[in-house]
Amino acid sequence: MLFLAAFFFLTLTLGVTWYYQRSSPSRRPLPPGPTLLSAPWPENDIARTFHSWTKRYGSVVSVKIGFRTIIILGTRQAAQDLLERRGTIYSSRPSSIFMDRYLNKGLNPAFMPYGSQWRLHRRFYSTLLNVKASQTYRRLQDIGSRELVYELLTTNDFSDVFYRYTSDVMLSLVYGKGQNRDDADHRRLQQINEMATFILQNASFRTIILDLFPLLDKLPMKFMNWRQQAAQLHDLTREVYVECGNAALQGKSWNWIREIYERPEAKDAPWEDVCYSLGELYVAGIYTTKMVLENFVTTCVDHADAVRKAQDELDSVVGMERLPEFADMDRLPFVGAFISELVRWKPISSIGVPHAVIQDDEYMGFHIPKDATVIANQWGINMDESVFESPETFNPERYMEISDRHLSGFGFGRRACPGYHLAKASFFIVISRVLWAYRIEREVEVGDDPKGNSSSPGVAFTVRSLQHQEIISKGGKTSGYDVGETLEEIRPSKS
Ligand code: HEM
């Protein structure tokens, strides 16, 4: 939902006719960019459109839409120069009447403007998700991924299996609960997220108009009652987050809600807002990681050579007697390169999440006006031919020479994704284990799942040998596992 909401922010400013306006109060001109007459019209894929503008106009492009200025950064250099090096002024978010007044009411930290309230929530996130803390969560990721490879023995429905994995990890961490399968709180959380997605999808165009003509917001609710629906959903979401948060406080074991509750700075925000913030963190952690894992499967199907190479490496380093472990990470450079290439080649958020600049600035001789929306075009950056040879080809080898394995696609500067370390560990443990365990091939007949599932998504997971199957079966039977005990083991005071 984070990315849907981000996309929503963008369409908010792109949906209507743009017009030519190059003048600005500053002596410097705006960066070059398309006009009504000169622009190649947007393709379906907005990241590709931005990329074509970068090729035509340069690494910094501007476009005026209504009263908004959008700055598109098309190279990593430009994104780092502005969003990282000038982070004090480039770390806000664009405003949106719909999100700020109705759907989030300013409570989702991912969309808060830069300032003390955002800083407080960001501190909570850093406490929970810094490198050291994230390492302690590997125990949960280990158990979850054992179950995941075990489940793939009997189903090909990888989306469902990945969803269970990511939601189990997040439900355990945020709310201290075990496997979510029958959990009522999890179902309520899932339901509100689905409703929010639905409202965002259906309201998007009308909300663009609302932002361009803010006076429309003065109309009675009956004329645009989707505003009311969003406000009602907000109230329900808040109620569910607070109930789940309070239940977690009473829970037997350590969890993130309790961890933050016990911190002195938690008193600096209303408790309901803290619950809302951690509820949004729970949602952010589930769908993002699941999307990358899904991309991994579809990529494998079309790149048998790269898969074979990764499996050769796994066979020689790990062997057939055990599953890959976190401790193997540094000894599996090709698997690491495969993951780096996967997130470069298919970023799940092609234009990232837009930033906003809070004061006038100048860059490369151009004026960047206060309040401009600033977008780092992640897909375009990943397809930069001056950095990546044949960028549209999936080629993990390109990362074999690079020792810095920082993954792209997690944003820039002070707003960069706080879940980076947690997500990176999930990618490694799930991807290495699935590759070790299975041949991943397109099913000959889509929907005809030999494992007997009715909604097969067209990919078959075939265990690589009987010996692999034995190891998977042994490792996957985690029924004696107690999530409470594991959480107590990983709580920060113990580590
Ligand atoms: C596949 C994994 C993920 C990807 C690719 C991803 C990507 C991103 C990106 C591009 C941003 C915006 C950065 C910017 O504005 O420059 C972001 C922000 C954020 N991400 Fe992630 N993310 C992932 C996983 C996670 C996880 C696992 C969590 C939580 C456990 C998380 C929580 C957040 C939050 C809270 C923000 C908002 C930060 C802020 O505005 O201060 N993400 N993420």
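The values are calculated or read from the model by the stated rules, or taken from the named source; none is laboratory data. All figures in this text were calculated on a predicted structure; none of them were measured in a lab. Positions of Cβ are generated from backbone atoms using ideal geometry, with glycine treated the same way; all protein chains shown enter the neighbour counts.
Just a few scattered comments:
- Matching helices (runs of 4 or more DSSP H) fully within the stretch 85-164 where at least 2 residues are β-branched (Val, Ile, Thr): 131-136, 138-151
- Count of the stretch 378-404 residues which are within 16 Å of the ligand (Cβ to nearest atom) and either in contact (Cβ under 8 Å) with a residue 60 or more places away in the chain or more than 30 Å from Ile71 (Cβ to Cβ) (or both): 4
- Any hit, the stretch 310-319, residues being among the polar types (S, T, N, Q), within 13 Å of the ligand (Cβ to nearest atom) and modelled with pLDDT of 95 or more: no
- Flag if Gln80 is surrounded by fewer than 19 Cβ atoms within 10 Å (Cβ to Cβ), in contact (Cβ under 8 Å) with a residue 40 or more places away in the chain and more than 20 Å from the chain's Cα centre (by Cα): no
- Out of Ala196, Ala247, Ala230, sole residue that is in a helix (DSSP H, G or I) and out of contact with any Leu (no Cβ under 9 Å at 6 or more places or on another chain): Ala247
- Looking across the stretch 342-365, the residues that are surrounded by 23 or more Cβ atoms within 10 Å (Cβ to Cβ) and part of a helix (DSSP H, G or I) come down to Leu342, Arg344.
- Here Leu278 passes the criteria (1) within 16 Å of the ligand (Cβ to nearest atom); (2) under 22 Å from His406 (Cα atoms) except the one numbered (2).
- Condition met for Phe67 (over 27 Å from Glu259 (Cα atoms) and modelled with pLDDT under 95): yes
- Taking residues in the stretch 465-489 that are within 19 Å of Arg138 (Cβ to Cβ), and partners anywhere that are surrounded by fewer than 17 Cβ atoms within 10 Å (Cβ to Cβ) and modelled with pLDDT of 90 or more, the pairs with Cβ atoms closer than 6 Å and at least 6 places apart or on different chains are Thr486/Arg139.
- Candidates are the residues of the stretch 101-127 that are over 21 Å from the mean Cα position of the chain (by Cα) and away from the ligand (no atom under 12 Å from the Cβ); the one that is nearest to Tyr282 (Cα to Cα) is Lys105.
- Yes/no for Asp81 being closer than 22 Å to Ile209 by Cα and of a type in the set (Asp, Glu): no
- Looking only at the stretch 288-321, and only at residues there that are among the basic types (Lys, Arg) and more than 30 Å from Thr197 (Cα to Cα), the one that is surrounded by the fewest Cβ atoms within 10 Å (Cβ to Cβ): Arg308
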